[in-house]
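Before any comments, here is the structure.
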Amino acid sequence: MILATNFKSNLTRAKTVEYLEKVEAYCEENSISDEVMIFPPASALCEKSLHVSVGAQNAFGVVNGAFTGELALDQLQEFGIKTILIGHSERRHVLGESQELIAEKFNFYKEQGFRIVYCIGEPLEVREEGNSALLAYLDAQYKGIDLSYKNLVIAYEPVWAIGTGLTPTLDDVELIHGAIREETSAALLYGGSVKAESAKSFLALDNVDGVLVGSGALNPDDFCSMIRDAASLQ
Ligand code: 13P
């Protein structure tokens, strides 16, 4: 399974180092074999530890150049970063990234052999239109994305579930992951208001290969509890 946490614009570099040490020690002491990833803010990027990979929340699809405010491949390589999150709903909807730009980033980091966690998910008004509208919306988010890329992980994160405390029902998650599974053999993560208390029920579902957690994993003890729950399901 894959346990991933996205810090977004939370935690400092110092707090990230503490966090990483704590999670690394937990994985070591408990011989964790699941894949564990953290996505800290850009100011806290650092080398991978033994069990925990460190990924970038965003980067431009170039080696380097004149792109004010963006990180590029050179800056990621300095820390040995080989994992990236692409298509997150906050980048799509708050920062206005188009599908075209997202696909460009995807193709650049695919060429570099990165592990890509590619996020998809529908807003509430689409959800309210029913399942066929929802799946058509997700289909549009596959445009320009190679769903057979071997280092691809897909995170299904309904926009209305992110940071709201709301989640789809377990049956809904299973249904949507089943539909995504028909398109790709990539590992499928569920994200959106996953908490320490609820992670296990998502992880136990068919076609859920892991979770991508924001606020519910800002405390490393909560993230370790999710890692423990995943290990107990094996
Ligand atoms: P929350 O867990 O805070 O809902 O955020 C989920 C998310 O966006 C992870 O990428």
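The values are calculated or read from the model by the stated rules, or taken from the named source; none is laboratory data. All figures in this text were calculated on a predicted structure; none of them were measured in a lab. Cβ sites come from the backbone with ideal geometry, for glycine too, and all protein chains shown count toward neighbours. Accessible surface areas use protein heavy atoms only, side chains included; no ligands, DNA or RNA. Shrake-Rupley method; radii C 1.70, N 1.55, O 1.52, S 1.80 Å.
Please state which of the following conditions residue 186 fails to meet, knowing it meets all the rest: (1) surrounded by 14 or more Cβ atoms within 10 Å (Cβ to Cβ); (2) within 16 Å of the ligand (Cβ to nearest atom). Evaluating residue 186 over (1) surrounded by 14 or more Cβ atoms within 10 Å (Cβ to Cβ); (2) within 16 Å of the ligand (Cβ to nearest atom) leaves (2) as the failure. The residue that is farthest from the ligand (Cβ to nearest atom), counting only those in the range 173-183 that are in contact with a helix residue (DSSP H, G or I) (Cβ under 9 Å, 6 or more places away or on another chain) and open to solvent by less than 70 Å² (accessible area, probe 1.4 Å), is 179. If the condition is being in contact with a strand residue (DSSP E or B) (Cβ under 9 Å, 6 or more places away or on another chain), farther than 20 Å from residue 156 by Cα and open to solvent by less than 60 Å² (accessible area, probe 1.4 Å), then the range 67-108 contributes 71, 76, 79, 80, 81. In the condition set (1) modelled with pLDDT under 95; (2) in a helix (DSSP H, G or I), residue 50 is compliant with all but (2). For the range 54-74, check the following and say yes or no: at least one residue is among the charged types (D, E, K, R) and touching a residue at least 40 places away in the same chain (Cβ under 8 Å). No, the range 54-74 contains no residue that is among the charged types (D, E, K, R) and touching a residue at least 40 places away in the same chain (Cβ under 8 Å).
For first residues located in the range 100-116 and at positive phi, partners that are open to solvent by 10 Å² or more (accessible area, probe 1.4 Å) and lie 6+ apart or on another chain with Cβ distances below 9 Å form the pairs 113/82; 113/151. Scanning the range 205-223 for residues that are more than 11 Å from the ligand (Cβ to nearest atom), among the polar types (S, T, N, Q), open to solvent by 10 Å² or more (accessible area, probe 1.4 Å) and under 18 Å from the mean Cα position of the chain (by Cα) turns up at least one hit.
Within the range 116-219, considering only strands (runs of 3 or more DSSP E) that don't extend past its boundaries, which have at least 3 residues that are closer than 21 Å to residue 234 by Cβ?
It comes to 187-191, 210-213.
Here the range 1-17 is the region considered, the condition is being assigned to a loop (DSSP other than H, G, I, E, B) and buried (at least 17 other Cβ atoms within 10 Å of the Cβ), and the residue that is farthest from the ligand (Cβ to nearest atom) is 1.
Is one or more of the residues making up the range 162-172 closer than 20 Å to residue 97 by Cα, open to solvent by 10 Å² or more (accessible area, probe 1.4 Å) and in contact with a helix residue (DSSP H, G or I) (Cβ under 7 Å, 6 or more places away or on another chain)? Let's see the steps before the verdict.
Let us first name the residues in the range 162-172 that are closer than 20 Å to residue 97 by Cα, namely 162-163.
Within this subset, residues satisfying the condition of being open to solvent by 10 Å² or more (accessible area, probe 1.4 Å) are 162-163.
When the remaining residues are screened for being in contact with a helix residue (DSSP H, G or I) (Cβ under 7 Å, 6 or more places away or on another chain), the result is 162-163.
Checking the range 162-172: at least one residue is closer than 20 Å to residue 97 by Cα, open to solvent by 10 Å² or more (accessible area, probe 1.4 Å) and in contact with a helix residue (DSSP H, G or I) (Cβ under 7 Å, 6 or more places away or on another chain).
Taken over the range 153-164, the criterion of being hydrophobic (A, V, I, L, M, F, W, C) and either within 12 Å of the ligand (Cβ to nearest atom) or in contact (Cβ under 8 Å) with a residue 40 or more places away in the chain (or both) is satisfied by 153, 155, 159, 160, 161, 162. Scanning the range 18-42 for residues that are open to solvent by 30 Å² or more (accessible area, probe 1.4 Å) and under 17 Å from residue 82 (Cα atoms) yields 35, 42.
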